[in-house]
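Reviewing the structure listed below.
Only the coordinates and a few stated rules stand behind these numbers; no lab work does. As the structure is a computational prediction, the values presented were derived from the model and not from experiment. So basically every Cβ, Gly included, is an ideal-geometry build from the backbone, and we count neighbours across all protein chains shown.
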Amino acid sequence: MNSSEELKIGICKLCEKEKHLSESHIIPEFWFGSLYQNHKFIQPKLNKKLGVQIYQSGMKEPLLCAECEGFLNTTYEQPIHKFWNEKINIRSFRGSKDSHYVLQNLDYTKFKLYHLSILWRAHHSMNAMFEAVDLGAKHETLIREMILTQNPREETDYPIFGSFYFRKATGEVMDDVMINPLKVKTVDGHFAYRFLFGGVVWWIGVSSHIRLEKNTDSLTKDGRMIFHKTYLEEDPRILELVENWSQKFQELPKSLMKESVI
């Protein structure tokens with residue numbers, strides 16, 4: 001057995017058995033389509049140095065065995081990607097005056113565990129993009145069991161919120177930007193992880209004993225979720241990135257480049 005084959009043998013993070021490991025996406029390839037420019041995608045980095053990272057394809061690493069990779073794909077990824085393709089045309093919201101959008105008929109189990117699987121994979125990733133994600137042993141174990149048993153638990157267990165990400169100056173939905181996830185503390189003292197992909201800012205709460213308001217905007221068991229608007233112009237970290245890089249690096253995502261007001 002050569003060294004490249006030896007590197008692909010390890011403990012699968014999901015079933016925890018020693019097997020040949022597949023090159024697994026952390027964030028599914030589905031969300032990378034609009035990111036590619038000249039057959040590569042550019043990922044702005046939110047850190048002290050700022051800057052960008054260039055990839056030739058979606059980020060992958062050996063995390064899962066083929067069986068577990070297939071389980072995640074058929075159980076969560078395929079149904080959610082099919083639903084998003086058929087029901088959600090995010091670019092149709094360009095220029096919309098609506099303050100929020102209500103999505104109905106979401107599959108609570110699949111939609112929730114799909115996003116938790118991304119968070120869980122980010123926790124295990126060695127890619128610097130996901131260095132802020134550290135669930136700790138308690139949350140890692142619980143989320144892994146939820147994924148394996150297809151048990152989404154209650155709405156207050158790892159609630160998921162979302163907001164569509166716009167550029168206010170143009171009304172453009174920013175679905176060609178993917179930012180490294182951040183761990184944040186909410187105004188009510190809970191911890192959450194913030195992802196940006198697919199033109200949506202996703203928030204996943206990870207604190208214990210999270211209490212939700214009766215009319216919550218988060219994903220509910222009846223498949224309802226309210227998406228508000230978030231604007232680039234109100235995000236100082238990304239604005240700083242644009243200011244530092246738009247003149248030095250001409251291949252930033254188009255939605256980050258300065259454009260005239262409609």
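Couple of notes before you dig in:
- Legend: calculated FRET efficiency, Asn127 to Lys183, from the Cβ-Cβ distance at R0 = 22 Å, rounded to 0.05, equals 0.85.
- Approximate spin-label separation Arg237-Val102, in nm, with each point projected 7 Å along Cα-to-Cβ: 3.2
- The slack between Glu16 and Glu61, meaning 0.36 nm per residue of separation minus the straight C-alpha distance, is 14.6 nm.
- Of the GluC sites (Glu not before Pro) found in the stretch 60-158, those that fall in a DSSP loop while having at most 14 other beta-carbon atoms within 10 Å are Glu131, Glu154.
- Of Lys112/Lys138; Lys60/Lys97; Lys19/Lys60; Lys8/Lys112; Lys110/Lys168, pairs whose Cα-Cα distance is over 26 Å: Lys60/Lys97; Lys8/Lys112; Lys110/Lys168
- The modelled label-to-label distance for the pair Glu154/Ala169, using points 7 Å beyond Cα in the direction of Cβ, is 4.6 nm.
- Among the listed pairs Lys183/Lys229; Lys87/Lys229; Lys17/Lys82; Lys82/Lys185, those with a Cα-Cα distance over 25 Å are Lys17/Lys82; Lys82/Lys185.
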